[in-house]
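Encoded as structure tokens, the structure appears first; notes follow it.
The values are calculated or read from the model by the stated rules, or taken from the named source; none is laboratory data. Keep in mind that what you see is a predicted model, and the values were worked out from it rather than measured. Surface accessibility is based on the protein's heavy atoms, side chains included, excluding ligands, DNA and RNA. Shrake-Rupley method; radii C 1.70, N 1.55, O 1.52, S 1.80 Å.
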Amino acid sequence: MSILPPLAEFSVFGIGIEPAVPMLLLAVLVTDLLRRLLARAGLDRMVWNWPLFILSLFGCVAAGLILAMPSI
């Protein structure tokens, strides 16, 4: 059993929201938390291009969350 929402479109004030949108918002929060933890650990000084690293980290987190969503 998964704690993630099922893969179905839902309506907010009459506007259809794709199921990936909440996962992308969750990915932003998770990526920000990871960014802060990695910067505190000193990884930002070891990475050549820190913003590009964070963007790729966001892509990995978002893809992982979207792929982990259960289908109907």
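Within region 40-66, the set of residues being open to solvent by 40 Å² or more (accessible area, probe 1.4 Å), more than 15 Å from Leu25 (Cα to Cα) and not basic (Lys, Arg) comprises Ala41, Leu43, Asp44, Met46, Trp48, Asn49, Trp50, Pro51, Leu52, Phe53, Ser56.
Considering region 17-33, and only residues there that are of a type outside the set (D, E, K, R) and open to solvent by less than 60 Å² (accessible area, probe 1.4 Å), the residue that is nearest to Ser56 (Cα to Cα) turns out to be Thr31. Each residue in region 8-33 was checked for being aromatic (Phe, Trp, Tyr) and part of a loop (DSSP other than H, G, I, E, B), and 1 pass.
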